[in-house]
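The block underneath contains the structure these notes are about, expressed in structure tokens.
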């Protein structure tokens, strides 16, 4: 184990030396001696200005300390969400090709992995210590409160390293399921402790659950590991230096997998499918199309979720607007990706049936819409508890989101079929009217009577479609 640690330290030292050389060359291109002197002066003066401005906020900080205590569980939920979202992009443990090559030498893989795991823990500990000291020096916040918050955040972050490693190996749908189950568990813990709710109870219960979960994962932490994917992602992260990339005009990106490899990635997808059923074919094509734009799509989803969660815990009116923004933004982004899917050349080589194409697209979109719905359920149950009025409002919001999504897609389909198509006035009024009723539901519960209109509209659409066919 000592020899393994020594070699890993040697690799890290050599890597740091190489990076220092690259940064030295990049700074040599970007800065000369005169610019460096002026920049140093501006930075020095800027630090004094920032420190002076922070001193003026002293009274606000003291008031903030008295009201922030009940919001500590939100920090844990945020760290949990961050770990799951990060698992789509990074395993959380820096196991690169250099460490993997060590396993071809007389070094045990689990020892090499354990060293990188300890290294990840140490990095997070040093990061939180740096944050603690920086905030302590620059702000007048109480040392005890700051230490409490930083300690809890650090412990939860360390306990989420192993789950992130495990989730990185799982397929995306399993990550979504874990996210949903986790949010439900947080809501249940809050509901069970609501009578005697103290933030410390919630925090201690969550930490105990995470410890037990880590002990259970530790037994199988090196089974079913996609080492090639882990190495590819980590190598890209290690050598993807933003400043050096900008100065050299080169970007380091992971190698894109070919189309057929994306289509037939798992053992299940390699099996024959009923190609006579058009929906199955288009589902696979939409999967490829959405996978190519997954980074932008995930960023958009994260932005919508953050907007929904953050604004919902402000004022009641901001919560109202966050729901409207979430529905509107999700629908517009979805329609834009629906249009982007037709840029694939292969889709123009098979017979078109717009109804089948739309249903195949919605097969992948409905779960994402359901994810936003589950987050909204957790928020409303957390704030208002379960009652008849909350249930009616949830049904109102879900029906509105469902109807508006299908309405926007139908308009998009008609515009593809008919270049100069203009939706009728009645169709264009449904969107603004739906958003106004959401706004009205925060004023009076009678606004949710709009549900009846939505149900009648759905039956009308279904009937019109049936008569047309």
**Study point:** Selection from the stretch 82-95 of residues that are surrounded by fewer than 21 Cβ atoms within 10 Å (Cβ to Cβ) and more than 20 Å from residue 150 (Cα to Cα)
**Key:** 84, 85, 86, 88, 89, 90, 94
Review point. Mind checking whether some residue in the stretch 285-304 is on the phi < 0 side of the Ramachandran plot, modelled with pLDDT under 85 and either in contact with a strand residue (DSSP E or B) (Cβ under 8 Å, 6 or more places away or on another chain) or outside any helix (DSSP H, G or I) (or both)?
Key: yes
Point to revise | residue 356 in a helix (DSSP H, G or I), in contact (Cβ under 8 Å) with a residue 24 or more places away in the chain and farther than 21 Å from residue 440 by Cα | key: yes
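Regarding the stretch 340-351, can at least one residue be identified that is under 23 Å from residue 85 (Cβ atoms), surrounded by fewer than 19 Cβ atoms within 10 Å (Cβ to Cβ) and in the same structural domain as residue 305 (by TED's automatic domain parsing)?
Yes: the stretch 340-351 contains one or more residues that are under 23 Å from residue 85 (Cβ atoms), surrounded by fewer than 19 Cβ atoms within 10 Å (Cβ to Cβ) and in the same structural domain as residue 305 (by TED's automatic domain parsing).
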Revision key, fill the gap. Here the qualifying pairs (Cβ atoms under 7 Å; residues six or more apart or on different chains; first in the stretch 84-108 and at pLDDT 80 or above; second assigned to a loop (DSSP other than H, G, I, E, B)) come out as 86/92
Review point. Which of the following residues is loosely packed, with under 15 Cβ neighbours inside 10 Å, closer than 30 Å to residue 283 by Cβ and modelled with pLDDT under 85: 414, 387?
Key: 414
Practice item. From 133, 146, 79, grab the single residue that is at pLDDT 80 or above, loosely packed, with under 15 Cβ neighbours inside 10 Å and part of a helix (DSSP H, G or I). Key: 133
Exercise for review: Kindly indicate whether any position in the stretch 121-128 is closer than 30 Å to residue 63 by Cβ, within 23 Å of the chain's Cα centre (by Cα), in the same structural domain as residue 215 (by TED's automatic domain parsing) and surrounded by 13 or more Cβ atoms within 10 Å (Cβ to Cβ).
Suggested key: yes
Point to revise | Residue that is surrounded by the most Cβ atoms within 10 Å (Cβ to Cβ) [pool: residues in the stretch 8-46 that are closer than 19 Å to residue 238 by Cβ and in contact with a helix residue (DSSP H, G or I) (Cβ under 6 Å, 6 or more places away or on another chain)] | key: 8
**Study point:** Boolean, residue 85 is farther than 30 Å from residue 179 by Cβ and assigned to a helix (DSSP H, G or I)
**Key:** no
Check your understanding: Just checking, how many residues over the stretch 228-237 are surrounded by 15 or more Cβ atoms within 10 Å (Cβ to Cβ) and in contact with a helix residue (DSSP H, G or I) (Cβ under 9 Å, 6 or more places away or on another chain)?
Key -> 6
Practice item. Mind listing just one residue for me: the one in the stretch 215-227 that is assigned to a helix (DSSP H, G or I) and surrounded by fewer than 12 Cβ atoms within 10 Å (Cβ to Cβ) and, of those, modelled with the highest pLDDT? Key: 215
Check your understanding: Which ones in the stretch 93-113 are over 10 Å from residue 230 (Cα atoms), assigned to a loop (DSSP other than H, G, I, E, B) and in contact with a helix residue (DSSP H, G or I) (Cβ under 7 Å, 6 or more places away or on another chain)?
Key -> 103, 107
Check your understanding: In the stretch 29-49, is there at least one residue being part of a helix (DSSP H, G or I), over 35 Å from the mean Cα position of the chain (by Cα) and touching a residue at least 40 places away in the same chain (Cβ under 8 Å)?
Key -> yes
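The values are calculated or read from the model by the stated rules, or taken from the named source; none is laboratory data. As the structure is a computational prediction, the values presented were derived from the model and not from experiment. Because the Cβ atoms are built from the backbone with ideal geometry, glycine has one as well, and the counts that use them run over all protein chains shown.
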